[in-house]
Amino acid sequence: MNLQSIGISAALISAAAWALSAVLFKKIGESIPSLGLNLARGGLNLLLLIAPLMIIGIEEIDVNTFVLLGLSGLIGIALGDTFFFEALQRLGAQPMVLLSLLGQVLTVFFALIFLDEYLTINMSLGILLVLAGTFFVLYSKINDKKNKNTLEGIIFGLLSVLCMSVSIIITKKGLASVSAIQAIFIRILWGTSGLLIGGLVTRQLGAWLSPLKKTGLMKKLFMAVSITLFGGFWLSHVALKYIDVSVANTLNSTAPLFAVPLAVIFLKEKVSAKAVIGTVISICGIILLISTAHAEQWNLKPKKNLDETLASVERPGRGRNGEPEKVIGSFGVRPGDTVCDIGSGSGFYSFRLARAVGDSGKVYAVDIDQDMLNYIKNKIEKAGAKNIILVKSEETDPKLPPSACDKVLIVNTYYHFWAPVTTMKNIRDVLKPGGEVAIIDFKKDRAIQGPPYDQRVAKDEVLSQMGEAGYRLARSYDFLKRQYFLVFQKQD
């Protein structure tokens with residue numbers, strides 16, 4: 001299973017867990033105030049997270065990431081979840097889960113503006129079908145409950161949706177340089193601390209938590225919290241880490257589909273024909289979204305033919321604009337070195353590196369595309385180059401021996417790494433002691449000619465991810481007009 005499939009599966013399982021937890025919290029919330037329920041849930045979440053966090057290990061993170069995740073916790077957990085519990089009691093489990101679907105519209109909107117994500121026409125159609133189908137189910141549920149309690153529930157639900165959508169965007173920004181489990185812990189810590197401080201300041205803490213003395217209530221709360229934390233919360237972060245926000249949260253919007261049978265089983269609710277029709281519409285949207293996402297969103301679309309690919313990587317002027325000889329010299333490639341060219345493509349750099357290392361050195365031309373490797377093989381035979389070794393890599397594994405390389409060069413390839421931190425950790429293992437990795441890629445600047453803006457990775461994001469993968473920046477160069485040029489070494 002590839003990383004994108006893991007992200008999709010995580011999002012769908014997370015949706016089912018959210019639906020089940022909504023049903024459980026509806027029952028528990030009948031006996032405890034929403035603020036107390038949210039605070040108690042946060043405390044249990046922190047206790048449950050300590051063991052896995054100790055096993056996985058705590059990573060060093062910068063202050064900016066810590067504050068971003070903390071802010072998302074205050075907005076999404078302290079405020080958003082409290083509004084959610086208030087709405088849950090007024091609307092019921094199934095309508096509230098359905099109402100939360102409106103958050104997907106806001107999240108997609110925010111992602112397009114703030115995260116530079118993009119949607120194809122088919123993906124947009126899939127999202128609209130999911131939204132339309134689920135809203136159809138929602139309308140069929142609330143249309144028969146026109147009273148003050150329902151109106152208040154909708155207002156609280158909309159506030160919850162707004163808070164959660166904003167917090168998701170902030171969370172995505174912070175997830176680039178921290179593990180999912182640690183990000184969850186930080187968010188819950190900030191959110192729970194905010195609630196605790198609020199309870200102390202208002203002197204309502206005792207009133208919030210006193211209902212927990214009831215027999216069996218803590219046991220039910222513990223079960224609901226476990227499902228929410230590991231099934232809903234953690235898996236939703238896993239999905240966010242491996243797939244785009246708009247896709248992850250649209251798949252999470254399938255929670256209402258799971259809520260229908262769960263509400264029937266646990267709350268004895270009846271399922272109307274409109275609910276069934278809406279469910280079918282949403283499923284059609286999910287199928288369209290997933291199939292399109294695999295084909296377009298993650299570069300799994302049908303491959304260009306070889307001539308088209310070569311035209312893009314061996315375009316006229318690349319040698320002049322990319323200054324390959326100056327790059328190789330600045331990188332410090334010497335005769336006798338073993339150099340790895342990750343994403344070798346047509347061999348543009350591989351043959352130049354082969355000349356630089358000489359007969360006493362060697363170059364690994366590494367690529368995931370067998371057609372490109374075959375093309376290089378033909379060029380090797382014609383040129384009589386004997387120091388270039390072809391290697392077919394996998395998604396996150398360069399397939400090289402440990403400690404094999406003095407230098408690793410990655411040019412215009414970093415964007416294509418589906419899991420950059422994992423990939424760079426694996427590349428780290430192939431470096432010799434004192435070895436270096438150079439990353440050259442297009443600046444994320446709309447004014448600079450190059451690949452589409454959404455297919456570029458900002459320099460700051462590369463620096464953050466490389467730090468998480470165990471590297472430190474050794475030096476950088478700015479003589480390339482369109483690209484940044486960063487050189488990294490292993491951290492001790």
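Read the figures in this text as sums done on the coordinates, not as results from a lab. Since this is a predicted model, take the numbers as computed values, not measurements. As a convention, Cβ positions derive from the backbone with ideal geometry for all residues, glycine included, and neighbour counts pool all protein chains shown.
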| said: For a quick check: sort Lys481, Lys432 by the number of other beta carbons within 10 angstrom, fewest at the front. | reply: Lys481, Lys432
| remark: Going from the fewest other Cβ atoms within 10 Å to the most, one would list Thr65, Thr422, Thr254 as Thr422, Thr65, Thr254
| task | Could you pull out the pairs from Lys377/Lys399; Lys392/Lys490; Lys362/Lys432; Lys326/Lys407 whose alpha carbons sit more than 22 Å apart here? | result | Lys392/Lys490
| request: Give me the number: length gained by fully extending Lys219 to Val276, i.e. 0.36 nm times residue separation minus the C-alpha to C-alpha distance, one decimal in nm. | output: 17.1 nm
| message | Neighbour counts of other C-beta atoms within 10 Å: give me Glu60, Glu86, Glu152, Glu323 arranged from fewest to most. | response | Glu60, Glu152, Glu323, Glu86
| field | Förster-model FRET efficiency, 22 Å R0, Leu267 and Asn149, C-beta, rounded to 0.05 | value | 0.85
| field | For Asp81, net neighbour charge (Lys/Arg +1, Asp/Glu -1) across residues whose Cβ lies under 12 Å away | value | +1
| query | So, by mean Cβ neighbours within 10 angstrom, what's the order for 208-220, 192-204 with the highest one leading? | reply | 192-204, 208-220
| message | Based on alpha-carbon centroids, what's the gap between the range 71-96 and the range 1-48 in Å, whole number please? | response | 11
